[in-house]
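Structure, as structure tokens:
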Amino acid sequence: MPYRTKLIGVADIVLEAYQNGAGIKDLAIVYGVSAGTVKNLLKRNGVPIRSQGRPKGKGIHIKGTPAYQRKYLYGLTQEEYNKLQQDQNGLCAICITRPANVVDHCHSTNKVRGLLCRQCNLGIGHLGDSTDTVAKALAYLERA
């Protein structure tokens, strides 16, 4: 049973996340296993497999508390989140004026960079999380 060794300690989290709407492929990516491994875990635990996968729409749909969502999406515990809030005095790491309530992360590595306000997070997201594009935007603003 090789799939059990890879999912030891997280089987309950995987089962709960699937029952809360996460898709099999999404869970496989997050936990670094194949979709078949996740499917086998679900079957062994008597969880019915959804024929259509996760709910339709954009992104991963996860029910639960914000703390549960941060843990599921970014691996960020409540203690780590509280520490980030404390380190940033509860303010956005970019503008330092609005409350920091969004977890900013690298989309390639999923590594948490810090906490931002919604506006700053959307701003860097619209600029493609690219330091080159942000530098060009800064140069453009400074010309005015």
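Say whether the condition of being aromatic (Phe, Trp, Tyr), at pLDDT below 90 and within 20 Å of the chain's Cα centre (by Cα) is met by at least one residue in the range 69-82. Give the steps one after another, and end with the answer.
Just the residues of the range 69-82 that are aromatic (Phe, Trp, Tyr), to begin with: 72, 74, 81.
From the residues that got through so far, the ones that are at pLDDT below 90 too are 72, 74.
With the extra rule that they be within 20 Å of the chain's Cα centre (by Cα), the set shrinks to 72, 74.
Yes, there is a match, as at least one residue in the range 69-82 is aromatic (Phe, Trp, Tyr), at pLDDT below 90 and within 20 Å of the chain's Cα centre (by Cα).
Give the residue that is modelled with the highest pLDDT, with candidates limited to residues of the range 7-23 that are among the β-branched types (Val, Ile, Thr) and either buried (at least 21 other Cβ atoms within 10 Å of the Cβ) or more than 18 Å from residue 64 (Cα to Cα) (or both). Full working, then the answer.
Filtering the range 7-23 for residues among the β-branched types (Val, Ile, Thr) gives 8, 10, 13-14.
Okay, now just the ones that are also either buried (at least 21 other Cβ atoms within 10 Å of the Cβ) or more than 18 Å from residue 64 (Cα to Cα) (or both), so 8, 14.
On the way: 8: 65, 14: 80.
Once the filter is applied, the top-ranked residue is 14.
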Long-range neighbours under 9 Å by Cβ, at least six apart or interchain, first residue β-branched (Val, Ile, Thr) within the range 29-52, second at pLDDT 85 or above and in a loop (DSSP other than H, G, I, E, B): 30/75
Extreme residue, nearest to residue 30 (Cα to Cα), among residues of the range 83-123 that are loosely packed, with under 14 Cβ neighbours inside 10 Å and of a type in the set (Gly, Ala, Ser): 108
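The values are calculated or read from the model by the stated rules, or taken from the named source; none is laboratory data. These figures come from a predicted structure and were not determined experimentally. Using ideal geometry, Cβ is built from the backbone for each residue, glycine included, and neighbour counts are taken over all protein chains shown.
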